[in-house]
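First up is the structure itself, then whatever we jot down about it.
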């Protein structure tokens with residue numbers, strides 16, 4: 001039986017809602033994330049120790065915008081509103097909001113503490129934070145103190161001591177807020193008196209028990225791409241299901257160099273039934289000459305389902321297990337009222353058999369912790385993510401033909417080997433090497449050529465919801481350029497260090 005969650009997070013549609021859950025989990029506390037329309041039913045049988053109201057893509061004054069869940073006040077537990085959560089609190093208790101261009105904040109901001117408050121314990125003033133909002137609180141509600149402002153006087157945090165309600169304008173859950181985790185720790189432990197109850201081994205046992213309870217004596221099929229998510233899921237389920245579990249690797253024709261051999265070795269390492277399905281022609285035919293990023297992902301998703309359904313039939317599977325992560329669900333717009341960022345091939349499919357998604361509330365760092373807990377090799381536990389559609393989405397602006405796939409595969413291998421040689425590959429959260437279809441003029445030998453370019457993007461992140469770009473040294477950048485442009489079809493190399501937001505991790 002699952003432990004009762006100490007923290008209730010109400011999801012109003014922010015891209016960062018599950019990052020709040022991730023950060024709470026990092027602090028060692030279990031949380032539940034539910035939609036606003038489920039709050040009343042949830043609280044009828046449960047009393048959390050604290051409640052957090054998330055941000056949102058809405059403005060409080062929008063038609064059909066989520067409203068303040070009044071049921072939470074009956075529990076008389078501490079409440080923390082983040083961004084839109086602050087706006088809901090201010091509006092409900094009689095404060096005034098404003099939506100002027102001068103009050104909009106997107107990106108880094110600085111706050112100044114106005115008075116001592118437990119929420120900001122051990123946090124100095126001023127502090128660098130991360131903001132993303134169009135509305136602001138112009139006048140705090142009666143009884144609420146203003147405990148932090150920006151340098152322009154914008155209200156950044158309010159508190160009501162007797163009601164034990166706090167609201168903050170910025171996002172403490174993202175790593176760009178310097179002491180955001182400390183703030184959440186203050187709220188969880190000093191204000192709400194929670195106790196640590198989150199352990200990797202507990203999650204593993206919970207996954208095994210819950211999956212076994214759903215599947216019973218049935219057969220389970222799962223995908224094995226060689227990445228940390230699919231590998232960890234297969235490794236967790238293998239001891240429970242034995243021969244009733246089949247891990248399938250679909251060769252889409254979009255893997256990197258030597259990747260199929262590495263996946264086979266991985267399957268042998270974790271001791272799972274394993275099968276490679278050659279489906280290159282299926283995917284090439286389906287994706288064809290498509291160059292639109294979202295359409296390409298949708299076509300890949302269609303082909304993936306077609307091939308996997310055939311394998312379900314051949315194996316006689318009763319269930320399919322997917323290594324879908326919280327970030328996949330968020331970017332697909334499949335959680336709360338979050339907006340679609342990009343489609344993921346493992347989200348939103350209707351299978352002929354029931355689907356189980358044991359990792360759907362976990363983030364990459366948590367899956368890596370599970371991998372470490374069950375003893376997977378470091379090369380697997382710390383393996384960089386690679387998109388489900390593979391190199392298909394690393395070809396931008398031109399069709400993903402076998403020729404273009406071969407070019408970007410070669411370039412990816414060259415760049416990876418250079419970064420490994422210089423000892424910095426393991427410091428990179430994800431490396432993206434993509435073929436850009438925009439033609440530019442160059443010189444090969446003494447001849448004028450008109451060829452595409454390669455873009456190299458290396459990023460650093462904790463949860464892939466936000467990230468920063470990595471800048472290479474002049475020596476490394478020059479070696480990459482000199483090596484990659486030796487290919488007869490590549491005329492330039494570009495480096496992309498744009499953070500997320502505004503960019504996403506991948507080009508497509």
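For this structure, a couple of remarks:
- Selection within region 351-375 - outside any loop (DSSP other than H, G, I, E, B) and either more than 16 Å from residue 233 (Cβ to Cβ) or touching a residue at least 60 places away in the same chain (Cβ under 8 Å) (or both): 356, 364, 365, 366, 367, 368, 369, 370, 371, 372, 373
- Test: residue in region 441-461 that is at pLDDT below 90, within 30 Å of residue 205 (Cα to Cα) and not assigned by TED's automatic domain parsing to the domain that holds residue 233: yes
Let's see how each residue does on (1) in a loop (DSSP other than H, G, I, E, B); (2) closer than 15 Å to residue 417 by Cβ; (3) in contact with a strand residue (DSSP E or B) (Cβ under 9 Å, 6 or more places away or on another chain); (4) touching a residue at least 60 places away in the same chain (Cβ under 8 Å):
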site	(1), (2), (3), (4)
452	no, no, yes, no
471	yes, no, yes, no
480	no, yes, yes, yes
486	yes, yes, no, no
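Each row is one residue, and each column tells you yes or no for (1) in contact (Cβ under 8 Å) with a residue 40 or more places away in the chain; (2) outside the structural domain of residue 372 (by TED's automatic domain parsing); (3) in contact with a helix residue (DSSP H, G or I) (Cβ under 7 Å, 6 or more places away or on another chain).
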site	(1), (2), (3)
213	no, no, no
216	no, no, no
240	no, no, yes
253	yes, no, yes
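- Criterion: under 24 Å from the mean Cα position of the chain (by Cα), in contact (Cβ under 8 Å) with a residue 60 or more places away in the chain and part of a strand (DSSP E or B) - qualifying residue of 458, 434: 434
- Being out of contact with any helix residue (DSSP H, G or I) (no Cβ under 6 Å at 6 or more places or on another chain), crowded, with 22+ Cβ neighbours inside 10 Å and either modelled with pLDDT under 85 or part of a loop (DSSP other than H, G, I, E, B) (or both) is a description that applies to residue 317.
- Answer from 398, 415 - the residue that is farther than 16 Å from residue 508 by Cα and either in contact (Cβ under 8 Å) with a residue 60 or more places away in the chain or in a loop (DSSP other than H, G, I, E, B) (or both): 415
- Tally, over region 300-320, of residues that are over 13 Å from residue 248 (Cβ atoms) and either under 22 Å from the mean Cα position of the chain (by Cα) or in contact (Cβ under 8 Å) with a residue 60 or more places away in the chain (or both): 5
- Residue selected from region 110-150 under the condition modelled with pLDDT under 90 and in a loop (DSSP other than H, G, I, E, B), by the criterion nearest to residue 161 (Cα to Cα): 135
- Filtered residues of region 265-276 (kept if at pLDDT 95 or above and more than 13 Å from residue 222 (Cβ to Cβ)): 276
- Subset of region 383-394 [more than 16 Å from the chain's Cα centre (by Cα) and outside any helix (DSSP H, G or I)]: 389
- In region 376-396, the residue that is farthest from residue 234 (Cα to Cα) out of those that are surrounded by fewer than 20 Cβ atoms within 10 Å (Cβ to Cβ) and in contact with a helix residue (DSSP H, G or I) (Cβ under 6 Å, 6 or more places away or on another chain) is 383.
The values are calculated or read from the model by the stated rules, or taken from the named source; none is laboratory data. These numbers come from a predicted model, not from an experiment. Backbone-built Cβ (ideal geometry, glycine too); neighbour counts: all protein chains shown.
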